[in-house]
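Every number in this text was worked out from the coordinates using simple rules, so none of it is lab data. This is a predicted model, so every value here is computed, not measured. With ideal geometry, Cβ positions are generated from the backbone for all residues, glycine too; neighbour counts draw on all protein chains shown.
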Amino acid sequence: MNIANRTVLITGANRGIGRALVDEAVKRGAKRIYAASRGGFQIAGAGVTPLTLDVTNAAQIQEAVKKVGSLDVLINNAGVAIYDDLTSLDVIEQHLAVNFFGVLKMINVFLPLLKRSKGAIVNNLSLVGLAALPNIPAYSASKAAAFNMTQSLRSLLACQGVTVHAVVLGPVDTEMNRGFNVPKASPESAAAGIFDGLAKGEDEIFPDPASLSIAEAWRNGAVKAMERQFAVFAPHSAN
Ligand SMILES: NC(=O)c1ccc[n+]([C@@H]2O[C@H](COP(=O)([O-])OP(=O)(O)OC[C@H]3O[C@@H](n4cnc5c(N)ncnc54)[C@H](OP(=O)(O)O)[C@@H]3O)[C@@H](O)[C@H]2O)c1
């Protein structure tokens, strides 16, 4: 899926990787870019339409789908990360509400549009969803759950012509990981890597140097092989 002349919706578009994805989509000639964010932030640019959208708010998601009308690519980018130690269920629920249920709610509501366009779903996930980072265990668990969901949706939607991609991000220099002192990729390079991976049709997109370091092992590994074996159990329906 090359995004030139396509319609794209990006959640969490007001800052960080989401903002860089909007800019990159403009650069690559997307026809229309829906830049969804919680606040009143206005994003200017050719073909950019701001949308007010909290991914935990079902009514706002329904409003958004009415405004959008047709869509080729849904990028579930909005996310939260809070330092914790798994002792607060409230913190765990906050992560799941945005990073898991927020993604799923968006997909369920926008799916009819994506089926019509034979479009793509891109979920911005994380290396820590594959191997937990113990200073952000609730975040890690929420990204692991969203990764697992992405695998199922990939199989479930394949026969309907919708592709489902997991972006396995390593550290990127945004507000989210301020204070976490490791080498980080720029949001701009991560955004370019995400659209490059989508254009190549990669199931898992590894858009930065840290994530790229495991790409080959992942693609040739036991977990990917198992996913392919399990995919035959997906019910085949064209509806
Ligand atoms: N940065 C990294 O190192 C890294 C690594 C792996 C994965 N990721 C993933 O990449 C994605 C983007 O992260 P980032 O680094 O750009 O983080 P960021 O700078 O903290 O931006 C997070 C974005 O998500 C939005 N958001 C949070 N809760 C939301 C909600 N309920 N509804 C709608 N939007 C919501 C925020 O909006 P507000 O401004 O309104 O809060 C903001 O736009 C996330 O899914 C993150 O988990 C990032």
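Which pairs break 19 Å Cα to Cα here: LYS31/LYS184; LYS118/LYS224; LYS118/LYS143; LYS67/LYS143; LYS31/LYS118; LYS66/LYS115?
Table pairs above 19 Å Cα-Cα are LYS31/LYS184; LYS118/LYS224; LYS118/LYS143; LYS67/LYS143.
Calculated FRET efficiency, ALA58 and ALA234, Cβ-Cβ r, R0 35 Å, to nearest 0.05? All intermediate terms of the calculation are to be shown ahead of the outcome.
Details: r = 27 Å, r/R0 = 0.76.
With a Förster radius of 35 Å, E is 0.85.
Looking at the chain as a GNM with Cα springs under 10 Å, which of LEU51, LEU169, LEU156 has the largest mean-square fluctuation?
Taking springs between Cα atoms under 10 Å, the residue moving most is LEU156.
How large is ³J(HN,Hα), in whole Hz, for each residue of the stretch 182-194 in order, when computed from phi with the Karplus curve 6.51 cos²θ - 1.76 cosθ + 1.60 and θ = phi - 60°, using x for Gly and Pro?
9, x, 10, 7, 7, x, 5, 5, 5, 4, 5, x, 5
What residues qualify as long-range amide H neighbours of VAL80, i.e. H under 5 Å apart, gap of 5 or more or another chain, H built at 1.01 Å from N?
ASN99
Among residues other than LEU130 whose Cβ falls under 10 Å from its Cβ, what is the net charge (Lys/Arg +1, Asp/Glu -1)? Mind showing how you got there, number by number?
Details: positive: LYS143; negative: GLU204.
Every neighbour counted, the sum reads 0.
Once amide H atoms are built 1.01 Å from N in the peptide plane, which residues 5 or more positions from VAL172, or in another chain, come under 5 Å H to H?
So VAL172 has HN proximity to ALA185.
First obtain the Kirkwood hydrodynamic radius of the stretch 7-233 from its Cα pairs, then insert it into the Stokes-Einstein equation at 37 °C and 0.692 mPa s, and state the resulting D in µm² per second as a whole number. Intermediate values should be presented prior to the final figure.
Working: Rh = 17.6 Å.
After rounding, the answer is 186 µm²/s.
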